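Colleague: Would you mind keeping the following structure in view while I ask a few things?
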Amino acid sequence: MKPFTYERPKDVAAAVKAIRTSPGAKFLAGGTNLLDLMKVEIEAPSHLVDIGRLPLANIETTRDGGLRIGAMTTNTQVASDPRVRSLYPVLAQAIVSGGSAQLRNKATTGGNLMQRTRCAYFYDTAKPCNKRQPGSGCAALGGLNRNSAILGASEACIATSPSDMGVALAALDARIETLTAEGVTRSLAVADLHRLPGDTPELETELKTGELITCVVIPAAPTGGQVYRKVRDRASYAGGLVSVAAVGNRVAWGGVALKPWRAEKTEAALAAGVPIPEAVAAELAAAEARGKNGFKIALVGRLTAAALDETFAGRRA
Amino acid sequence: MSSVKDWALPNPVSENRSGLIGKTVDRYEGRLKVTGTAPYAYEVEPPSAPAYGQAVSATIARGRIVSIDTSAAEASPGVKLVWTSRNVPAQAARGERANPRSQRGSNPTMASDAVEFYGQTLAFVAADTLENARAAAALVAVTYETQPATVDFMASLDQAEMPPGEEDTEIGDFGAGFAASPVKLDETYFSPIANHTQMEPCATTAWWDGDKVTVHTSIQMVKGGQHALAETLAIASDKVHLITRYIGGGFGGKGQSYDDLTLAALAARELNQPVKVAYTRQQMFQATIHRPAVQMRVRLGAEPDGRLNAFSIEAITHCARNVPFTEHAANFSRSLYAAPNRLTGHRLVRMDLPGAGPMRAPGEATGMLSLECAMDELAEKLGIDPVELRIRNEPTVDPETGKPFSVRQLVSCMREGAQRFGWERRNPTPGQVREGRWLVGMGMAAGIRGNFLLPAKAGIRITADGTVTLLQGMTDIGTGTYTILAQITAETLGVPLDQVRVELGDSDMPPAPGSGGQFGAATAGSAAFETGMVMRRTLADLAINDPNSPLFGADPTLVTFANGNIALENQSESLASLVARAQPDGVYVEGSISPAADARDWSQHTYGAQFAEVAVDVVTGEVRLRRMFGVFAAGRILNAKTAKSQITGGMIWGIGTALTETNPVDPRYGSFLNQDMAGYLVPSHADIVNVDSIFLDETDDKANPLGIKGVGELGICGTGAAIANAIYNACGVRLRDYPMTPDKVLEGLIAKGL
Ligand SMILES: Cc1cc2nc3c(=O)[nH]c(=O)nc-3n(C[C@H](O)[C@H](O)[C@H](O)COP(=O)(O)OP(=O)(O)OC[C@H]3O[C@@H](n4cnc5c(N)ncnc54)[C@H](O)[C@@H]3O)c2cc1C
Ligand code: SF4
């Protein structure tokens, strides 16, 4: 681990300022992703701005009947909130399907959205990785890439986003609010937060340097059932192979791309009355197998059809 | 030398007067461990402030170091030394044994500029803090000249050769027997590379006192570690004091020493300061041994009534180019089922990978994954129940050696297990039981694992306050050795358990071979028992020769020991008062055990039968275990609690083998894909919902004076196959390629139109 300095600012303005005045600084929230990456020197911030105690840990009801979830709420807090559980069961299910209880107690809403890929080659600093070291190549391409992307990937990077929570939030049309380093507040859809890799997989999100996520805003719950289903190699404490969040006839996928993937073609087909299997196939037409991950295409299709069967039946499973 | 006949005579342990043997006894060191106060090797407090070391690992599989730039590391904050092959202190050449009695040869680090596997130590940094050491280690820049490496096992099967000094065993005429069999099975199974994944990494704290080094290290074999370090440093072994009190998991992976031991000792000498060195999690995966992959061809030829005519397992496995090791995946089968025509053997591919080595039940754990699946497949072909098929092939004597079995309760294990598990509710036709999206099925497998006794010594001291201390250069790798040794000592000497202390893991103590091969309890325990018997005779002599003893002048053969007293009829005194009066400095004796001269006249094993129920998600191919039950026969059970922990722990590992554990090699680099526990998946609690086991009543009086056998490895034997068979019964997908991950099951489901 590289030596670094550390501070714990008192308020949001000070936090943003601390990053602005200190090149190479990073926000530290729960630390469950950042500290791991620092230990293997994939992240080497010169300065840590600990936002862990900023007053951003509330969950409030919004005027339109949705929820505003502070960026520093823990995953456990959100998943166990009675309003979340009744209005957005898909979100509670997605969160508890991630990590372990200990991790969820530390992990925050903002940190979960910003966590980096779990591509094994990204974690292995001896291997080429365009995300870690732009221009070095992509070891996953042509490697043991069973868990890589089938949608939106590029020759530069075929990694997937690991967040479960983000998949549910994307299906719920949630937006994040941020404060930029210049002190400007802005808002963008969770589904638009992450960038596809293209030629610049090192650029992961639309956030600018030093921009702080302050909260996630979820609009009022849509009608229809909600379900989150995640396929994984063991029963708990494993990243997903693929996952699906179905909210009424909205569909978002995890484990298929470098971002939570809204299956818009599927949604449009469903809205047009196309039967579920064909509607699912509509989005998957663009899916591409790369080496060992081809099974994901069939898998996410079957999983989605099953999930939609549940939500269409109106059950809030 | 003794004969097994002596072992069958009644003795304090077999008589078990106070009932301590077999009881549920909490772990001797349990409180220390659950309160985090048991000092593991890295946590031992050295006599003065330590420096911290960090090894730098190779990132190619084979080649030569062209240059190593250490200047940035040397200039990094807090750095005390940086070593490469150019400046590391001299060590004896690899394998050298200056002392012919050393159990292990020299194991030097950074001995040359040759790279023989990915993960090999190439440089070493010591600094004032762990963080500084790690940061500096990351600054060491190595350039290589790479050479072609053999790292892809499946692509190298054509290089398989007969392992050194081995030959195939053929009995009868396998070819003819197989050809003539009306029902045949010929299938190939694959068991992948697996890692030990111990919680505690390899770690050492070392310091010197003059010319003598003290090392606290995490190793399963005290003498092996002591000798390896002495040979490496080219010093006498009595100049190495090796201590290994607590071990956070070994499983065979810590049967040998690694560079942490050598480097800590070398650096502590160089810096004249204690040094701590631990492997990182990544180095644990990449730079220690692993269980090699095995490809197994199984051929079974049977009569329509199920009797086997011909039986064969041919296993191909691999090891590091210069470190011979064979995963004997066929050996177990030589004693399992009757068949007149038999062929078994192994082939070995030398590869440029880290060392292959033993892991919990080496041979059985992999081998049974094949045969016990094949038997299930054969049962289906024959239309015979899988339990019944195995019973029909139960041999009366060892089918290869013709020796009698010491005791063999395999059939009882299967019958008892079938009954308790509810095996009769299994529908033999696959894919018939559906619950919502789940297809549910049952499978079973038999288990067998050899039993061993090695030579060992022990010491017992009784002090004037009556405290009995067992001293042994044995290890407890988390299995319960401390606890069972306390029980054996207490029962042998007739003292309450809380009067007994156990001190282990010190090279100054009477040596025992350590933990491995499920020989630990039998070997160390028998030595403790024999030492207890020496102590009884010594105390009896002391009493009958002491005019102040109530036993003065008594016949020593009539003296008894119970409740902390030595007694003759109604005359008695406490051991404390006897020792305090007759030998106030305390009484110390040593004793030993060695294999009986006629021990090999019997075929001796432990047995089990495992039953599993799984559910397969018909949409996703995910397999979830619903319940698993095992029945085992492993001699007398010393401690119901620790034995059950060992057996169910083995079963749980077998569940991981079946469903998740694998570490594929990236053929482009020769490295493992998974280098942390987020990628290498062992079972989590949620995977282990309902796993239970029982032991059958048994005493094996051919095994050792205690009538006990090993339980540490038996639990994993057959487990994975039982699950594979349950998957098949659930959904009709027959997988022969472990682990059975959702992608593989899904492919099968789709192929079946599900
Ligand atoms: C073994 C393991 C298994 C896991 N399994 C899963 C899983 O199955 N599913 C899943 O979804 N997740 C999983 N996780 C990931 C876990 O959910 C994330 O590590 C966690 O959510 C990150 O949150 P944190 O608060 O700890 O973030 P940190 O580690 O503190 O920060 C992560 C990143 O986000 C940035 N950041 C944090 N907060 C903000 C903010 N408010 N604004 C802007 N940037 C910010 C930080 O600068 C940093 O770059 C797993 C993690 C581990 C270690
Ligand atoms: S897939 Fe992306 S993260 Fe993985 S190695 Fe390639 S570039 Fe790096």
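Colleague: Report the charge-dipole magnitude of chain A in Debye, nearest 20, computed about the Cα centre from +1 at each Lys and Arg Cβ and -1 at each Asp and Glu Cβ. Present the calculation step by step, with values, prior to reporting the outcome.
Modeller: Working: 38 positive and 29 negative charges, 136 e Å.
Dipole magnitude for chain A comes out near 660 debye.
Colleague: For region B:410-496, what is the Kirkwood hydrodynamic radius in Å, using each pair of distinct C-alpha atoms? Spell out each step's value before the answer.
Modeller: Working: mean 1/r = 0.0546 Å⁻¹.
Result for region B:410-496 stands at 18.3 Å.
Colleague: Hey, another quick one. What whole-number value in cubic angstrom gives the convex hull volume per residue for the C-alpha atoms of region B:369-449?
Modeller: Working: hull volume 9.5 nm³, N = 81.
Residue-normalised Cα hull volume stands at 117 Å³.
Colleague: Taking each pair of distinct Cα atoms in chain A once, what is the resulting Kirkwood hydrodynamic radius in Å? Mind showing how you got there, number by number?
Modeller: On the way: mean 1/r = 0.0505 Å⁻¹.
Its Kirkwood hydrodynamic radius stands at 19.8 Å.
Colleague: Taking amide H atoms as placed 1.01 Å from N in the peptide plane, list the residues 5 or more away in sequence, or in a different chain, whose amide H sits under 5 Å from that of B:Ala123.
Modeller: The answer is B:Val56.
Colleague: Right, next: Treating cross-link reach as a plain straight distance, find the lysines whose alpha-carbon is under 20 Å from the alpha-carbon of A:Lys265, omitting any fewer than eight places away in the same chain.
Modeller: A:Lys296
Colleague: So for region B:545-627, Kirkwood radius off the Cα pairs, Stokes-Einstein at 4 °C and 1.567 mPa s: how many µm² s⁻¹? Numbers along the way, then the final one.
Modeller: Working: Rh = 19.0 Å.
Translational diffusion coefficient: 68 µm²/s.
Colleague: Let me ask something else. To the nearest 0.05, what FRET efficiency results for B:Lys23 and B:Arg297 with a Förster distance of 56 Å applied to their C-beta separation?
Modeller: Numbers: r = 46 Å, r/R0 = 0.82.
Plugging the Cβ-Cβ distance into 1/(1 + (r/R0)^6) gives 0.75.
Colleague: Convex hull over the Cα atoms of region B:286-369, averaged projected area in nm²? Let's see the in-between values first.
Modeller: Numbers: hull surface 22.6 nm².
Mean orientational projected area (region B:286-369, Cα hull): 5.7 nm².
Colleague: Return the carbon/sulfur percentage of the accessible area of chain A, one whole number, probe 1.4 Å, all protein chains in place. Walk me through the numbers before you get to the answer.
Modeller: Numbers: 6500 of 12330 Å².
So the carbon and sulfur contribution to the accessible surface is 53 percent.
Colleague: Going down the list B:Lys184/B:Lys709; B:Lys33/B:Lys239; B:Lys184/B:Lys752; B:Lys254/B:Lys702; B:Lys33/B:Lys276; B:Lys644/B:Lys702, which pairs span over 27 Å between their C-alpha atoms? Each step should come with its number before you reach the end.
Modeller: On the way: B:Lys184/B:Lys709 36 Å; B:Lys33/B:Lys239 30 Å; B:Lys184/B:Lys752 24 Å; B:Lys254/B:Lys702 30 Å; B:Lys33/B:Lys276 21 Å; B:Lys644/B:Lys702 23 Å.
Table pairs above 27 Å Cα-Cα are B:Lys184/B:Lys709; B:Lys33/B:Lys239; B:Lys254/B:Lys702.
Colleague: If I ignore ligands, DNA and RNA and count only protein heavy atoms, how much of B:Met154 is accessible to a 1.4 Å probe, in Å² to the nearest 10?
Modeller: 90 Å²
Colleague: Taking every pair of Cα atoms in region A:154-284, average 1/r, invert it to obtain the Kirkwood radius, and report Rg/Rh to two decimals.
Modeller: Across region A:154-284, the Cα-based Rg/Rh ratio is 1.00.
Colleague: Lys and Arg at +1, Asp and Glu at -1: add these up for the other residues within a Cβ distance under 11 Å of B:Met628 and post the number. Write out the running numbers ahead of the final one.
Modeller: Values: positive: B:Arg626, B:Arg627; negative: B:Glu613, B:Asp687, B:Asp692.
Local charge sum for B:Met628: -1.
Colleague: Whole number please: convex hull volume per residue, Cα atoms of region B:196-323, in Å³. Write down the numbers at each step before the final one.
Modeller: On the way: hull volume 20.5 nm³, N = 128.
Hull volume normalised by residue count: 160 Å³.
Colleague: Sticking with this one: Sketch the reach of a paramagnetic label on B:Ile694 as a point 7 Å from Cα along Cα-to-Cβ, and name the residues of region B:416-448 whose backbone nitrogen lies under 16 Å away.
Modeller: In region B:416-448, the label zone of B:Ile694 (backbone N under 16 Å from the point 7 Å along Cα→Cβ) covers B:416-424.
Colleague: Let me ask something else about it. Along each principal axis of its Cα atoms, how long is region A:1-125 end to end? Whole angstroms, biggest number first, please.
Modeller: Taking the Cα atoms of region A:1-125, the three principal extents are 44, 36, 21 Å.
Colleague: Take peptide B:616-623, look around each residue's Cβ out to 10 angstrom, count Cβ atoms belonging to other protein chains, and average those counts.
Modeller: Working: counts 0, 5, 2, 10, 11, 6, 8, 3.
Partner Cβ neighbours, averaged per residue: 6.
Colleague: Also, I was wondering about something else. In sequence order, what are the phi-derived ³J(HN,Hα) couplings for region B:228-234 according to the Karplus relation 6.51 cos²θ - 1.76 cosθ + 1.60 with θ = phi - 60°, rounded to whole Hz, with x for glycine and proline?
Modeller: Per-residue couplings from phi come out as 4, 5, 4, 5, 5, 7, 6 Hz.
Colleague: While we're here: Given a Förster radius of 25 Å and the C-beta distance between B:Lys752 and B:Ala338 as r, what FRET efficiency does 1/(1 + (r/R0)^6) yield to the nearest 0.05? List each step's numbers first, then the result.
Modeller: Values: r = 35 Å, r/R0 = 1.40.
My answer for the efficiency is 0.10.
Colleague: Then there's this: Would you work out the charge dipole size for region B:582-683 about its Cα centre, treating the Cβ of every Lys and Arg as +1 and the Cβ of every Asp and Glu as -1, and quote it to the nearest 20 debye?
Modeller: Details: 8 positive and 10 negative charges, 72 e Å.
Roughly 340 debye for region B:582-683.
Colleague: If you don't mind, there's one more thing I want to ask. With only alpha-carbon pairs counted, each pair once and no self-pairs, how large is the Kirkwood hydrodynamic radius of region A:147-224 in angstroms? All intermediate terms of the calculation are to be shown ahead of the outcome.
Modeller: Values: mean 1/r = 0.0719 Å⁻¹.
Here the Kirkwood hydrodynamic radius works out to 13.9 Å.
Colleague: For B:His328, B:His241, give me the order by solvent-accessible area with a 1.4 Å probe, most accessible first, ignoring ligands, DNA and RNA.
Modeller: From most exposed to least exposed: B:His328, B:His241.
Colleague: Given the pairs A:Lys131/A:Lys230; A:Lys2/A:Lys131; A:Lys131/A:Lys259; B:Lys23/B:Lys457, which span a C-alpha to C-alpha distance of over 18 angstrom in this model?
Modeller: Working: A:Lys131/A:Lys230 26 Å; A:Lys2/A:Lys131 20 Å; A:Lys131/A:Lys259 14 Å; B:Lys23/B:Lys457 25 Å.
Violating the 18 Å Cα-Cα cut-off are A:Lys131/A:Lys230; A:Lys2/A:Lys131; B:Lys23/B:Lys457.
Colleague: A follow-up question, please. How well do other chains shield peptide A:181-191, expressed as the mean number of their Cβ atoms within 10 Å of each residue Cβ?
Modeller: Numbers: counts 0, 0, 0, 0, 0, 0, 0, 0, 0, 0, 0.
So the per-residue partner count for this stretch is 0.
Colleague: Enter the per residue convex hull volume of region B:228-298, computed from alpha-carbon coordinates, in Å³ rounded to the nearest integer.
Modeller: Values: hull volume 10.3 nm³, N = 71.
Value for region B:228-298: 145 Å³ per residue.
Colleague: Cross-link candidates for A:Lys10: which aspartates and glutamates have Cα within less than 16 Å, leaving aside residues fewer than 8 places away along the same chain?
Modeller: A:Asp50
Colleague: Mind checking the per residue accessible area of region A:146-194 for me, 1.4 Å probe, whole number of Å²? Spell out each step's value before the answer.
Modeller: Working: 1430 Å² over 49 residues.
Value for region A:146-194: 29 Å² per residue.
Colleague: Given the rule -39500 (n - 2.57) for each run of at least 4 DSSP H residues, summed and divided by the residues of chain A, what is its mean residue ellipticity at 222 nm, to the nearest 500 deg cm²/dmol?
Modeller: Working: 12 runs with 93 residues, N = 317.
Value at 222 nm, helices only, nearest 500: -7500 deg cm²/dmol.
Colleague: Further question: Measuring from a point 7 Å past the Cα of B:Thr146 along Cα-to-C-beta, which residues in region A:83-126 have an amide N at less than 20 Å?
Modeller: Under 20 Å, as judged by backbone N against the label point of B:Thr146, lie A:120-126 of region A:83-126.
Colleague: Now a separate question. Roughly how large, in nm² to one decimal, is the mean projection of the convex hull of the alpha-carbon atoms in region B:551-702? Mind showing how you got there, number by number?
Modeller: Working: hull surface 73.5 nm².
Projected over every direction and averaged, the Cα hull of region B:551-702 covers 18.4 nm².
Colleague: In addition: How much length is gained if the chain between A:Thr205 and A:Thr5 is pulled fully straight, taking 0.36 nm per residue apart and subtracting their Cα-Cα distance, in nm to one decimal? Kindly include the intermediate steps, with their values, before the conclusion.
Modeller: Values: separation 200, 0.36 × 200 = 72.00 nm, distance 2.51 nm.
Between A:Thr205 and A:Thr5, full extension yields an extra 69.5 nm.
Colleague: What is the calculated FRET efficiency for A:Glu264 to A:Lys17, with r their C-beta to C-beta distance and R₀ = 60 Å, to the nearest 0.05? Write out the running numbers ahead of the final one.
Modeller: Numbers: r = 39 Å, r/R0 = 0.65.
After rounding, the FRET efficiency stands at 0.95.
Colleague: Could you compute how much accessible area chains A and B hide from each other, both sides summed, with a 1.4 Å probe? Nearest 100 Å² is fine.
Modeller: 2800 Å²
Colleague: Using only the Cα atoms of region B:324-397, what are the Rg and Dmax in Å?
Modeller: Cα only, region B:324-397: 15.0, 45 Å (Rg, Dmax).
Colleague: Taking the Cα of B:Ser2, stepping 7 Å toward and past its beta carbon, and measuring to each backbone N in region B:497-512: which are under 20 Å?
Modeller: From region B:497-512, the list is B:510-512.
Colleague: Here's something else I'd like to know. Once you wrap a convex hull around the alpha carbon atoms of chain B, what is its projected area averaged over all directions, in nm²?
Modeller: Details: hull surface 134.2 nm².
Projected over every direction and averaged, the Cα hull of chain B covers 33.5 nm².
Colleague: Treating only the Cβ of Lys, Arg, Asp and Glu as charged (+1, +1, -1, -1), what charge dipole size does chain B show about its Cα centre? Round to the nearest 20 debye.
Modeller: Value, rounded to 20: 580 debye.
Colleague: Still on this structure, I have one more. What's the extension gain from A:Leu196 to A:Ser86 if we count 0.36 nm per residue and subtract their Cα-Cα distance?
Modeller: Working: separation 110, 0.36 × 110 = 39.60 nm, distance 3.26 nm.
Here the segment from A:Leu196 to A:Ser86 would lengthen by 36.3 nm.
Colleague: So, in nm, how far is label B:Ser112 from label B:Leu9 when the simple model puts each one 7 Å beyond its Cα toward the Cβ?
Modeller: Between B:Ser112 and B:Leu9, the simple spin-label model gives 5.7 nm.
Colleague: Using a 1.4 Å probe and ignoring any ligands, DNA or RNA, find the accessible area of B:Glu622 and quote it in Å² to the nearest 10.
Modeller: That residue has around 10 Å² of solvent-accessible surface.
Colleague: Okay, moving on. Using every Cα-Cα pair within region B:94-149, state what percent have a distance larger than 19 Å. Please list the in-between numbers first.
Modeller: On the way: 781 of 1540 pairs.
Of all Cα-Cα distances in region B:94-149, 51 percent exceed 19 Å.
Colleague: Out of the total accessible area of region B:51-93 (probe 1.4 Å, heavy atoms of protein only), what percent is carbon and sulfur?
Modeller: Numbers: 850 of 1750 Å².
Its accessible area is 48 percent carbon and sulfur atoms.
Colleague: Another question about this same structure. Using a 7 Å offset from the Cα along the Cα-to-Cβ direction at both B:Asn545 and B:Asn563, what is the distance between the two label points in nm, to one decimal?
Modeller: It is 2.9 nm.
Colleague: Taking every Cα atom in region B:260-308, find the radius of gyration and the maximum pairwise distance Dmax, and write them in Å.
Modeller: Spelled out, the Cα radius of gyration and Dmax of region B:260-308 are 24.3, 74 Å.
Colleague: Next up: When you take every Cα atom in the protein assembly as shown, what is the radius of gyration, and what is Dmax, the widest Cα pair distance, in Å?
Modeller: 31.3, 106
The values are calculated or read from the model by the stated rules, or taken from the named source; none is laboratory data. Note that the coordinates shown come from a computational prediction; the quantities given were computed from them, not determined experimentally. Methodologically, a virtual Cβ is constructed for each residue, glycine included, from the backbone with ideal geometry; neighbour enumeration extends over all protein chains shown. Heavy atoms of the whole protein, side chains included, go into the accessibility calculation; ligands, DNA and RNA do not. Shrake-Rupley method; radii C 1.70, N 1.55, O 1.52, S 1.80 Å.
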